[in-house]
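Reading through the structure tokens given below for one structure.
The values are calculated or read from the model by the stated rules, or taken from the named source; none is laboratory data. This structure is a prediction, so every number in the text was calculated from the model and none was measured. Note: ideal-geometry Cβ built from the backbone for every residue, glycine included; neighbour counts use all protein chains shown. Note: areas computed on protein heavy atoms with side chains; ligands, DNA, RNA excluded. Shrake-Rupley method; radii C 1.70, N 1.55, O 1.52, S 1.80 Å.
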Amino acid sequence: MMFSVSKIDKLMERMTLAEKLGQLTMTAAGYAVTGPVIAGDSTDSIRNGTIGSLLNLAGARHIHEMQRIAVEESRLGIPLLIGLDVIHGHRTVFPVPLAEAATFDPQIWERTAREAARETAADGVAMTFAPMLDVSRDPRWGRTVEGPGEDPWLAVQMARAKVRGFQGDDLASAESVAATAKHLCAYGSSTAGRDYAQVDVSERTVREVHLPAFAAAVAAGAAAIMPAFTDIAGIPMTAHKALLRDYLRGELGFDGVLVSDYNAIRELINHGVAGDIVDAAVLALKAGVDIDMMAGAYRDGLPVALERGLVTIDEIDLCVRRVLRLKERLGLLDDPYRRGATTETPDAIEARRRLAREVGTKSLVLLKNAGDALPIAARSARVCVLGPLADAAREMRGPWAAAGYDEPSVSVLAALREALPNATVTHAEGVTIDGHDASGIAKALERLGDGADVVVLCLGEAADMSGEAASRAFPELPGEQRALAEAVLERARGADIPVVVVLFCGRPLIVPWLVERADAVLVAWFPGREAGHAIADVLTGRTSPSGRTPITWPRALGQIPLFYGQRSGGRPENQADRFTSKYLDAPNSPLFPFGFGVTYGRVSYANLRATPASATAGDVIEVSVEVTNEGPRAAEETVFLFVRDRVASVARPLLELKGVTKASLDPGATATARLRLPAADLRFLGVDLEPVLEAGEIEILVGPWADPAVLLSSRITLRV
Ligand code: BGC
């Protein structure tokens, strides 16, 4: 049989070592006033084939110019791979990923990724460094904002949806970009929530909590994966053979590209596992990392390593082939200019803006609504909008808004004025987000004194207080905001004016005092460009809030890490017994559990059924529950299905999420929510860390959030 020599084989035959290492080298580009500049290198390197990829470049004109140099002026004419962090939208900024997670809606995750891919590709970019799939159970960690929250099942759903959204049906399409699942893995467990710090987690936790989302991303066809900056038990992920080579490439069969994190190969020296850049390059290559982002370690270190016999040319070739294969899959080898060839229509842009508003609305989480303070009554003629985030349009985009920084966004104040044209809307900032000047508080109180039917108090973090390198030891309200809030709450209580707090944050904030004293608390996270409109939609009652928190809200810093999926332990909490697992000075319970969020309805649960009562491995357990809206307003209820395996060979978590569904309920309406639970999903990792399905009783728990006290429970028996 004859095989035709592929394009890649032909290229490989002609490449020099320097050109091969060029394909493994990714360098940053930035913007100069007059166009793109290549940081720390020059377009000459593209010309001579020693750079094969760029990051941080957007704009079809600039990218096509770079491509032209690569294609027309380099010896082999291999197009560049251009990547960019598109974390929550490109030009159109959608809510931050943690906020999107709060929608518990995979269709939304896929739609925003698809639209972001279209915009990104229209800008000439072929690859994104997203989705971030790191499970986080520590609100101190700033990057919590970039991910799916605390739950591995949710992370799996997000992985699938995002990869599908970014890559579409055809990676070569001019509307698709390569997804990079990051950061493999357990980055979210960095010690004490400090970014880049050491990670020490058990292999069980790695496999049960941190890896499933990556396995799902691989199964969904993710083109690339990025190892984390961090180590696990002393082995930096960039050099982690067992996880990158044996698990990812071996067990999962991942044949895409492994792209290092920014300068991470060089940082192997700081980690203390490499003496110099040559060592560092050898370790990363041996672990199977294909692209060296920003370290220049492959380009400088591998020629020496090759000479010393520390690596072979075959090992290098393998990486080069994977990179070329990605370029081929992206259609770049056929037509390097396919992305960015067409301009986007105003209709498409307008549709994305509407999507941003819809998703922004659905990602808001109403934590409290005492006395039905919300929605703002139609008769509210005087609305007093206070706080440093009330008129802070730029902050609304949240961290890592990439190419969307120059796009407009809507503040709460502007949107409320628009939504309530007949009301008198007054405003004072009071204090800045994190300054220490409290002198403006008096003016805010004056505004309140002018007379108000309701106060909307906009508090929280600045956009750049979460994200990379944004860990906080005190995840609370920064600056003088507490003083402002206390003064406003005090004055409003005296005047019998309800106070509605809108909280902007990239993580749960520890604010029990605020929740206790405010009438209503709406968590906005960072909703993106349509922030104000989305918030006003919910405040005015145009839309009923439906978001649920994808991460537990602790009461106290000392409770961290606090998450719903803990194991019982041998001495579970018992208030009557001192020698059980608890604190002397704080309850164990969170301020708000995973999944918490109220609507404008009042939903009750009844008649949980799970059949068959006795199931075998191949069965699907049909779970149903009746939900009734007993409130006066329509609501979209999110229904959670958890399981608990009370007796197993390995102690299982108190609750494990296995499914979510939604029910739209008019006032007085009852609906049956149905969920399917394949018995095979009840497998877990046994004593030897191999998957097992064990016979016995499984508790099925269904309800509005991860608090056993509010869940209905049924049991099935598993026979194997
Ligand atoms: C981050 C990555 C990101 C990369 C490129 C790094 O600092 O950890 O998540 O993709 O920079 O911007």
- request: With respect to residue 134, determine if the residue is over 30 Å from residue 65 (Cβ atoms), within 15 Å of the ligand (Cβ to nearest atom), assigned to a loop (DSSP other than H, G, I, E, B) and not hydrophobic (A, V, I, L, M, F, W, C).
  value: yes
query: In the range 117-131, which residues are out of contact with any Leu (no Cβ under 9 Å at 6 or more places or on another chain) and either away from the ligand (no atom under 15 Å from the Cβ) or within 19 Å of residue 337 (Cβ to Cβ) (or both)?
result: 117, 118, 119, 121, 122
- request: Of the numbered conditions (1) over 20 Å from residue 560 (Cβ atoms); (2) outside any helix (DSSP H, G or I); (3) away from the ligand (no atom under 14 Å from the Cβ), residue 140 fails exactly one; give the number of that condition.
  value: (1)
query: If only one of 638, 661 is without any contact (Cβ under 8 Å) to a residue 24 or more places away in the chain, part of a strand (DSSP E or B) and not charged (D, E, K, R), which one is it?
result: 661
- request: Considering only the range 604-613, state which residues are part of a strand (DSSP E or B), surrounded by fewer than 22 Cβ atoms within 10 Å (Cβ to Cβ) and of a type outside the set (D, E, K, R).
  value: 604, 605, 606, 607, 608, 611
- prompt: Counting just the residues of the range 74-95 that are among the charged types (D, E, K, R) and open to solvent by 20 Å² or more (accessible area, probe 1.4 Å), which one comes out farthest from residue 110 (Cα to Cα)?
  reply: 75
statement: Of the listed residues (374, 355), the one being open to solvent by less than 20 Å² (accessible area, probe 1.4 Å) and out of contact with any Gly (no Cβ under 9 Å at 6 or more places or on another chain) is 355
statement: How many residues of the range 564-603 are of a type in the set (Val, Ile, Thr) and part of a loop (DSSP other than H, G, I, E, B)? The answer is 2
Odd one out for residue 280, checked against (1) outside any loop (DSSP other than H, G, I, E, B); (2) within 15 Å of the ligand (Cβ to nearest atom); (3) surrounded by 21 or more Cβ atoms within 10 Å (Cβ to Cβ): (2)
- line: residue 241: passes all of (1) surrounded by fewer than 23 Cβ atoms within 10 Å (Cβ to Cβ); (2) charged (D, E, K, R); (3) within 14 Å of the ligand (Cβ to nearest atom) but (3)
message: Within the range 180-189, take every residue that is within 12 Å of the ligand (Cβ to nearest atom) and without any contact (Cβ under 8 Å) to a residue 60 or more places away in the chain and give me the one that is nearest to residue 235 (Cα to Cα).
response: 187
field: Condition broken by residue 292, with the remaining ones in (1) within 16 Å of the ligand (Cβ to nearest atom); (2) touching a residue at least 60 places away in the same chain (Cβ under 8 Å); (3) surrounded by fewer than 23 Cβ atoms within 10 Å (Cβ to Cβ); (4) among the acidic types (Asp, Glu) satisfied
entry: (3)
message: Go through (1) in contact (Cβ under 8 Å) with a residue 24 or more places away in the chain; (2) more than 16 Å from the ligand (Cβ to nearest atom) for residue 470 and report which single condition fails.
response: (2)
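Please work out which residue is farthest from residue 130 (Cα to Cα), limiting yourself to the range 74-91 and to residues that are away from the ligand (no atom under 15 Å from the Cβ) and at pLDDT 95 or above.
The extreme case among them is 75.
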